[in-house]
Structure formats: C-alpha cells, structure tokens
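**Q** Quick one: the structure is below, questions incoming.
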Amino acid sequence: MRWVEKKWVSVSLLWLAVLLLWQLGAWVYGPDVIPGPWATARGGRELVEDGTLVQYIGVSLYRVLIGWVLGSLLAIPAGLIIGKVNVVRLFAEPFLNFIRFIPPIAFITLFLVWFGIGEQSKIALIMYATFFIVVLNTLTGVMSVEEDKIRSARSMGASEWQILLHVIVPSTIPYIFTGVRLAMGTSYMAIIGAEMIASNEGVGYLIWNSRLFFRTDWIFVGLISLGFMGFFTDRVFGWFGRKVLYRYGVVSVAAHRR
C-alpha cells in the first residue's frame, strides 16, 4: 500500500513538472510556436465539439488494429515455420535481415501505387510494419527452445506436429507476445506517416493539415491523442497477456512488483 502511495505521488509530481515546463515553453516562445496546456485544451474542445477529433481517432484506431492483427496473424505461423524448418530458414533469414532495415514509411509511395489511395494501402503498410517485428521475435523464440525438451518429447514418441504444438509454441509465446506488443508502436508510426501523405481523415491527417491554418494547438491535440491511443491499446494488450497468457511466462512489470 505504501508503495502505491509513493507511486502516485511520484507520478503526480512528474506530470506537474511536465505541465510547468510546457507552460514555460509557451511563455518563452509564444503560443504560435508552443501553445500552453490551457490553449491546447481549448483547441481540443473545439475539435471534440464538432466531432472531428473523435472521428479521426476512431479512423486511425481502426486502421491500426486491422493492420496490426492481420500482420500478426500472418507473421506468427511464418516465424514458426522459418524457425522449425532448416531449409526455409536458410533462405528466409538473410531476406528478413535485409528488408527489416527498410522503414515502413519508405514504402508509402509504392503501396499507394500498388493498392490505391483507399484503406488497402494504409492497412497493407501497417501489416508490413507489424510482420517483420513479429516474425523475428517468433523466430528468436523458436531458436531459443532448449534442445533437451525436444529430444525428451521425441523419446516419448511425440510426432513433429505434437512437438510444435506442445513444446515449441508454449515456449515461444513470451517472445511472440513481446513482438506483437512492439509491433503495435511501429504500427502507429506507420499509420501517421500514411495519413499525412495520402488521407483526408485520421489523426495523422489532423496533425499535417493543421499546419495550413497555423493551428499548433491542434497539432498538440493530435500528438496527445496519439499518446493516449497507444497507452490505452498497450495497457489493454498487457492486461490480456497477464490474464490469459500468465501460465506461459508472460508477466508485466506491474504484476511482478505486486
């Protein structure tokens, strides 16, 4: 209980210091460069009252979740296959290590040409941003499975399929969980870039379009909205991991402290 009280006091003081520094920046540089907390709150109220902010958050969240889920569903079995089959890994691993250094935003123009300016290009970009992170983490998990566990399963007559389902997959779940969670952050970065370049709605569009009206307060509202969106989805996913995947060794920092 005492730890919880200290935590809340520390967090409150931290946010108070952030707000004071933010307001100090507004006083030094002026509201046109750095709008203060109150000016940002007024700008956010404008966007909420006309329904723009809620609509844009919903659009961006929809795109992120669809691309993130589809990318993860493709990446997990691909990572398991690459890690389990030596021949596949021999050819796939160099390709993965090459293309993973190309950031998703570099593909925006190509994806617009290939998939058009609709939702397909944006979702495909998020799938790309998700796929390689989850594949590499899944592959790492498969490669880290102790050989003694596999030999023990074989000695008891388990087939390769049973070894995959009952030995490799359970041991790899913490790595998969970490990869999917990391990919969520990359998905937000990808969708903001796509919405800035080729979209007429979404939080990225709000941030990019606000420059035309010199509304830096709206830009700050967009940035804060992104932070809350990412924080909310990460907490929900972390809660899911603690409740559903606890027996596989998925434990959050908060749960560990308790």
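**Q** Got a sec? Which of I82, I117, I108, I66 is in a loop (DSSP other than H, G, I, E, B) and either surrounded by 12 or more Cβ atoms within 10 Å (Cβ to Cβ) or assigned by TED's automatic domain parsing to the domain that holds S199 (or both)? Spell out how you get there, then give the answer.
**A** Numbers: I82 fails: in a loop (DSSP other than H, G, I, E, B); I108 fails: in a loop (DSSP other than H, G, I, E, B); I66 fails: in a loop (DSSP other than H, G, I, E, B).
So the residue among I82, I117, I108, I66 that is in a loop (DSSP other than H, G, I, E, B) and either surrounded by 12 or more Cβ atoms within 10 Å (Cβ to Cβ) or assigned by TED's automatic domain parsing to the domain that holds S199 (or both) is I117.
**Q** Go through the range 150-245 and tell me which helices (runs of 4 or more DSSP H), entirely inside it, have 1 or more residues that are under 24 Å from the mean Cα position of the chain (by Cα) and assigned by TED's automatic domain parsing to the domain that holds A78. Before the answer, list the steps.
**A** Values: elements: 160-163, 169-197, 203-209, 216-244.
Where helices (runs of 4 or more DSSP H) fall fully within the range 150-245 and carry at least 1 residues being under 24 Å from the mean Cα position of the chain (by Cα) and assigned by TED's automatic domain parsing to the domain that holds A78, they are 169-197, 203-209, 216-244.
**Q** (1) charged (D, E, K, R); (2) at pLDDT below 85; (3) assigned to a helix (DSSP H, G or I): which one isn't true of D32, the others all being true?
**A** Only one criterion is unmet by D32, namely (3).
**Q** Which of (1) surrounded by 13 or more Cβ atoms within 10 Å (Cβ to Cβ); (2) closer than 30 Å to F91 by Cα is the odd one out, the single condition I219 does not satisfy?
**A** Single failed check for I219: (2).
**Q** Under 6 Å between Cβ atoms, at least 6 apart or on separate chains: pull out the pairs that start in the range 154-175 with a residue that is on the phi < 0 side of the Ramachandran plot and end on any residue that is surrounded by fewer than 18 Cβ atoms within 10 Å (Cβ to Cβ) and basic (K, R).
**A** Cβ pairs passing all conditions: V167/K149.
**Q** Next up: State which residue pairs qualify: first residue modelled with pLDDT of 90 or more and inside the range 133-144, second residue not in a helix (DSSP H, G or I) in any location, beta carbons under 8 Å apart, and separation of 6 or more residues or different chains.
**A** Between residues of the range 133-144 that are modelled with pLDDT of 90 or more and residues that are not in a helix (DSSP H, G or I), the close pairs are I133/R100; L136/R100.
**Q** Here is a further query. Is it the case that the range 42-60 has a residue that's basic (K, R) and either more than 30 Å from N137 (Cα to Cα) or not assigned by TED's automatic domain parsing to the domain that holds W218 (or both)? Walk me through how you get there before you give the answer.
**A** Let us first name the residues in the range 42-60 that are basic (K, R), namely 42, 45.
Among the residues that remain, those that are also either more than 30 Å from N137 (Cα to Cα) or not assigned by TED's automatic domain parsing to the domain that holds W218 (or both) are: 42, 45.
Taking every residue of the range 42-60 in turn, at least one turns out to be basic (K, R) and either more than 30 Å from N137 (Cα to Cα) or not assigned by TED's automatic domain parsing to the domain that holds W218 (or both).
The values are calculated or read from the model by the stated rules, or taken from the named source; none is laboratory data. Being a predicted model, the structure only gives us computed values, none of them experimental. Note that each Cβ is placed from the backbone with ideal geometry, even for glycine, and that neighbours are counted across all protein chains shown.
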